[in-house]
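Engineer: Starting off with a structure, shown below.
The values are calculated or read from the model by the stated rules, or taken from the named source; none is laboratory data. Just so it is clear, the model here is predicted, and its values are computed rather than measured. Cβ sites come from the backbone with ideal geometry, for glycine too, and all protein chains shown count toward neighbours. In case anyone asks, the SASA skips ligands and DNA or RNA and just uses the protein heavy atoms, side chains included. Shrake-Rupley method; radii C 1.70, N 1.55, O 1.52, S 1.80 Å.
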Amino acid sequence: MPHLVLLGTGGTIASRRMPSGGSKATDSAAELAAAAGDLDGDITVEVHDVLAVNSFNLELRDLRTISDAVAHALARDDVDGVVVSHGTDTLEETAALLDLVHDDPRPVVLTGAQRSADAPDTDGPRNLRDALVVAAAPDSRGRGALVVFAGEVFSAFGLRKAHTLAAQPFANVFGGPIGRVLERPEYAFRPDARAPLARPGAAFDAVRVDLVLAYPGADSWLLDAALRAGAQGVIVLGGGAGNPGTRLTDGIARASRAGVVVGLGTRTGAGAVVPLYAGGGAVDAVHAGAVPLGAVPGTQARILLALILAEAQDAADDDAAETARSRFARLCTHADARSAPSAVL
Ligand SMILES: NC(=O)C[C@H](N)C(=O)O
């Protein structure tokens, strides 16, 4: 008789229209569980409200709160799996954190909705039911954190919200869904095992890692502003296979010299960063000190870098920036190597 914990955090799945206009997260985890209906197979669900926010308002400290709540549930022997209901806008960030620190065979499954709880065609109850079924299935064990949405199961790492309003807004840059939910999950792939990182401590809440986009005419003003604001890390999303242009590349060199860790991703949304071009291309950016992210989404690389920087800060290492930079480079390369190259390039 599988026993699950459902952690409510808000999002459209818990949102209803406000009298003043627009929808807002209001429903409790108990209300979500009730709307999902009865489950087959003697599954029992225990509900906890962790947060009630739309995910565009989440802070790093909220992500840590969610990660702590998952760890708290998994510290119990009577829990067989955890489901997190979440807004879809930044679900990929929370999913990355939960996956990176997951150190347990029991499944942690994130889900949400594209249509709010009061919409006649809301997808929340079905998504939640599917997520609970996946979390209860013995075959879901040992697969890290999972995302269940619109009948499909994705690995959390590599996930991106790739469409604003589509019924299935998610894609995984390392390949398609690893499974589908029928009466139970049917899996086609098993992601490789990866060594978990330590769960973040309080230093994580205040780490500043900014995202900067390359575009025609971009100078390094935004990157320099991030440094002035105290960023310890910056993810630059270059054009194509990671080409930032000469002026942004000059900024990357300055940031690297100042001990700021710069990650180099792509603004395309899919595919790997490949150093091919000089003259302000990824070849020069890497030479200037940027760490190529491979195909890891910039939003998720940001969470990985924040975890590493927070840990380096706690360790009070003299050479903290260089230690963090090489660790970040190693983990990005490792994340990339887990994926089929044909799916990435
Ligand atoms: N579909 C959603 O959940 C989007 C919503 N804005 C959120 O992330 O909270």
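Engineer: What does the extension gain come out to for Leu39 and Arg76, with contour length at 0.36 nm per residue minus their alpha carbon separation?
Structural biologist: Roughly 11.1 nm would be gained on extension.
Engineer: Work out how much length Asp103 to Leu222 would gain on full extension: take 0.36 nm times their residue separation and subtract the Cα-Cα distance, in nm to one decimal.
Structural biologist: Length difference between fully extended and current span is 39.1 nm.
Engineer: Under the rule a/c < 1.5 gives rounded, and otherwise a/b versus b/c splits prolate from oblate, where does region 3-187 land using the Cα gyration tensor?
Structural biologist: rounded
Engineer: Right, next: Going by a ≥ b ≥ c, the root eigenvalues of the Cα gyration tensor, does the chain fall in the rounded group (a/c under 1.5), the prolate group (a/b larger than b/c) or the oblate group?
Structural biologist: Prolate, because a/c is 1.5 or more and a/b exceeds b/c.
Engineer: Could you check how much of the accessible area of the chain is carbon and sulfur, as a whole percent, using a 1.4 Å probe?
Structural biologist: After summing per-atom areas, the C and S share lands at 52 percent.
Engineer: Within the set of other residues whose C-beta is less than 11 Å from the C-beta of Thr299, count the net charge using Lys and Arg as +1 and Asp and Glu as -1.
Structural biologist: Net of charged neighbours comes to 0.
Engineer: For the chain, what does the accessible surface come to per residue with a 1.4 Å probe? Please give it in Å².
Structural biologist: Result: 43 Å² of accessible area for each residue.
Engineer: Within region 157-181, whose backbone N sits under 16 Å from a point 7 Å along Cα→Cβ of Arg141?
Structural biologist: none
Engineer: What nm distance separates the two modelled labels at Thr268 and Ser20, each placed 7 Å from Cα along Cα→Cβ?
Structural biologist: A separation of 4.4 nm, rounded to one decimal place.
Engineer: Compare Tyr277, Tyr187 by solvent-accessible area with a 1.4 Å probe and give them largest first, with all protein chains kept in place.
Structural biologist: Largest accessible area first, the list is Tyr277, Tyr187.
Engineer: First measure r as the distance between the Cβ atoms of Asp121 and Arg247, then evaluate 1/(1 + (r/R0)^6) with R0 = 35 Å and state the FRET efficiency to the nearest 0.05.
Structural biologist: Once rounded, the FRET efficiency stands at 0.15.
Engineer: Taking the Cβ of His102 as the centre, find all other residues whose Cβ is under 10 Å away and add up their charges (Lys, Arg: +1; Asp, Glu: -1).
Structural biologist: Once positives and negatives cancel, what remains is +1.
Engineer: Working out 0.36 nm times the residue gap between Leu276 and Ala198, then minus their Cα-Cα distance, what length gain in nm do you get to one decimal?
Structural biologist: Here the segment from Leu276 to Ala198 would lengthen by 24.6 nm.
Engineer: To the nearest 500 deg cm²/dmol, what mean residue ellipticity at 222 nm is calculated for the chain from DSSP H runs of n ≥ 4 alone, each contributing -39,500 (n - 2.57), summed and divided by the residues?
Structural biologist: For the chain, the value works out to -10000 deg cm²/dmol.
Engineer: Let me check something: with ligands and nucleic acids excluded, how do Phe189, Phe174, Phe328 order by accessible area (1.4 Å probe), largest to smallest?
Structural biologist: Descending order: Phe189, Phe174, Phe328.
Engineer: Another question about this same structure. Shape of region 180-330 from its Cα gyration tensor (a ≥ b ≥ c, root eigenvalues): rounded if a/c is under 1.5, otherwise prolate when a/b > b/c, or oblate?
Structural biologist: oblate
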